[in-house]
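> Right, I'll just put the structure down here and ask away after.
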């Protein structure tokens with residue numbers, strides 16, 4: 001592996017090098033705020049989601065699809081694509097919802113005063129409380145679900161921004177960084193595997209927002225869907241995590257939610273660029289194949 005020179009010393013004052021940022025160098029920057037004016041569309045449903053099918057984006061679309069599958073018609077939503085590769089998260093209206101310029105962003109127009117939501121964990125907790133679903137009612141089990149929801153929010157940056165960046169996206173493969181974040185990722189996988197040895201789901205015997213939050217990241221890594229790193233991380237060492245990963249992957253709502261706002265991959269049936277009605281899932285293959293033929 002290539003390393004930085006051994007005699008590298010951080011400068012007294014850091015300056016921004018626009019060319020040093022890997023896959024997202026063209027849009028990353030050290031300041032906040034909008035880069036351009038861009039209005040966001042608003043559809044017919046009270047819940048308006050602006051997102052992309054990264055693991056963080058999948059959490060919310062899976063939650064919404066699970067709510068609809070459970071009979072909560074008020075969870076109908078429009079999902080608009082925000083292409084983070086093109087800097088859509090820095091548009092003025094998007095930044096007005098999420099000043100941190102990260103997907104997903106959600107607006108709830110069901111009340112007289114619209115509610116803005118940013119941070120995926122906040123959205124999951126808000127939706128669980130709004131609809132009284134996917135969060136245990138027993139106080140101890142409820143706290144357990146929230147424990148694991150917050151665990152995911154605190155741990156996943158080491159998995160994504162740490163391991164994922166240096167293993168999959170960094171322009172230079174730095175041995176120290178990959179070793180450091182691989183060690184932490186494997187520790188986190190072991191945390192989950194040990195817990196799931198004695199629990200069907202993260203909060204015990206009940207599927208909850210904790211599973212919905214954790215599965216897109218850790219299930220994706222364990223299955224190889226995220227970063228194509230299952231062999232590198234020796235995912236077979238975590239049989240309980242793999243059992244849980246497969247169990248959740250079979251849920252129809254999860255299968256729907258994970259492809260909303262997805263724009264990549266060879267299998268066109270696994271892409272639904274925007275979602276405005278349940279019937280969009282039935283039309284996606286026909287529409288995408290027709291578009292491919294037209295080109």
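The values are calculated or read from the model by the stated rules, or taken from the named source; none is laboratory data. Remember, predicted model here, so these are calculated numbers, not experimental data. When we count neighbours, we look across all protein chains shown, and the Cβ atoms used for this are built from the backbone with ideal geometry, even at glycine.
> Among the residues of the range 113-134, is any touching a helix residue (DSSP H, G or I) at 6+ places or on another chain (Cβ under 9 Å), under 30 Å from residue 232 (Cβ atoms), modelled with pLDDT of 95 or more and assigned to a loop (DSSP other than H, G, I, E, B)?
The answer is yes, given that some residue of the range 113-134 is touching a helix residue (DSSP H, G or I) at 6+ places or on another chain (Cβ under 9 Å), under 30 Å from residue 232 (Cβ atoms), modelled with pLDDT of 95 or more and assigned to a loop (DSSP other than H, G, I, E, B).
> For residue 187, indicate whether it is over 20 Å from residue 85 (Cβ atoms), surrounded by 14 or more Cβ atoms within 10 Å (Cβ to Cβ) and more than 17 Å from the chain's Cα centre (by Cα). Break it down into steps so the answer makes sense when it comes.
Working: over 20 Å from residue 85 (Cβ atoms): yes; surrounded by 14 or more Cβ atoms within 10 Å (Cβ to Cβ): no; more than 17 Å from the chain's Cα centre (by Cα): yes.
No.
> How many residues does the range 137-149 contain that are in contact with a helix residue (DSSP H, G or I) (Cβ under 9 Å, 6 or more places away or on another chain) and either surrounded by 14 or more Cβ atoms within 10 Å (Cβ to Cβ) or at pLDDT below 95 (or both)?
5
> Continuing with the same structure: What's the total number of residues in the range 152-176 that are touching a residue at least 60 places away in the same chain (Cβ under 8 Å), assigned to a helix (DSSP H, G or I) and more than 18 Å from residue 231 (Cβ to Cβ)? Break it down stepwise before answering.
Taking the range 152-176 and keeping what is touching a residue at least 60 places away in the same chain (Cβ under 8 Å), we get 152-153, 156, 159-160, 163-165, 167-176.
After this cut, where a residue has to be assigned to a helix (DSSP H, G or I) as well, the list is 152-153, 156, 159-160, 163-165, 167-169, 175-176.
Keeping just the survivors that are more than 18 Å from residue 231 (Cβ to Cβ) gives 152-153, 156, 160, 165, 169, 175-176.
So the answer is 8.
> Quick one: count up the residues across the range 224-256 that are without any contact (Cβ under 8 Å) to a residue 60 or more places away in the chain and within 18 Å of residue 207 (Cβ to Cβ).
12
> Please state which one of 52, 63 is within 22 Å of residue 217 (Cα to Cα) and out of contact with any strand residue (DSSP E or B) (no Cβ under 8 Å at 6 or more places or on another chain). Spell out how you get there, then give the answer.
Numbers: 52 fails: out of contact with any strand residue (DSSP E or B) (no Cβ under 8 Å at 6 or more places or on another chain).
It is 63.
> Next question, about the same structure. For a quick check of your reading of the model, give me the residue pairs whose first member lies in the range 136-149 and is part of a loop (DSSP other than H, G, I, E, B), whose second is surrounded by 12 or more Cβ atoms within 10 Å (Cβ to Cβ), with beta-carbon atoms closer than 7 Å and at least 6 apart or on different chains.
136/142; 136/145; 136/203; 136/206; 136/208
> Sticking with this structure for a sec: Being surrounded by 22 or more Cβ atoms within 10 Å (Cβ to Cβ) and more than 21 Å from residue 253 (Cα to Cα) is the filter here, so list the residues in the range 63-91 that pass it.
82, 89
> Do any helices (runs of 4 or more DSSP H) lying entirely in the range 177-295 carry at least 3 residues that are at pLDDT 95 or above and in contact with a helix residue (DSSP H, G or I) (Cβ under 9 Å, 6 or more places away or on another chain), and which ones are they?
On the way: elements: 209-214, 220-223, 239-249, 252-257, 280-294.
The qualifying helices (runs of 4 or more DSSP H) are 209-214, 220-223, 239-249, 252-257.
> Could you list, in sequence order, all residues of the range 77-112 that are more than 24 Å from residue 27 (Cα to Cα) and free of Cβ contacts under 8 Å to residues at least 40 places away in the same chain?
Within the range 77-112, the first condition is being more than 24 Å from residue 27 (Cα to Cα), and the residues that meet it are 77-78, 107-112.
Those that are more than 24 Å from residue 27 (Cα to Cα) and free of Cβ contacts under 8 Å to residues at least 40 places away in the same chain: 111, 112.
> Follow-up question, since we're still on this one. Report yes if residue 94 is closer than 19 Å to residue 205 by Cα, surrounded by 19 or more Cβ atoms within 10 Å (Cβ to Cβ) and either in contact with a helix residue (DSSP H, G or I) (Cβ under 8 Å, 6 or more places away or on another chain) or modelled with pLDDT under 95 (or both), otherwise no.
On the way: closer than 19 Å to residue 205 by Cα: no; surrounded by 19 or more Cβ atoms within 10 Å (Cβ to Cβ): yes; either in contact with a helix residue (DSSP H, G or I) (Cβ under 8 Å, 6 or more places away or on another chain) or modelled with pLDDT under 95 (or both): yes.
Considered against the rule, which asks whether it is closer than 19 Å to residue 205 by Cα, surrounded by 19 or more Cβ atoms within 10 Å (Cβ to Cβ) and either in contact with a helix residue (DSSP H, G or I) (Cβ under 8 Å, 6 or more places away or on another chain) or modelled with pLDDT under 95 (or both), residue 94 comes out as no.
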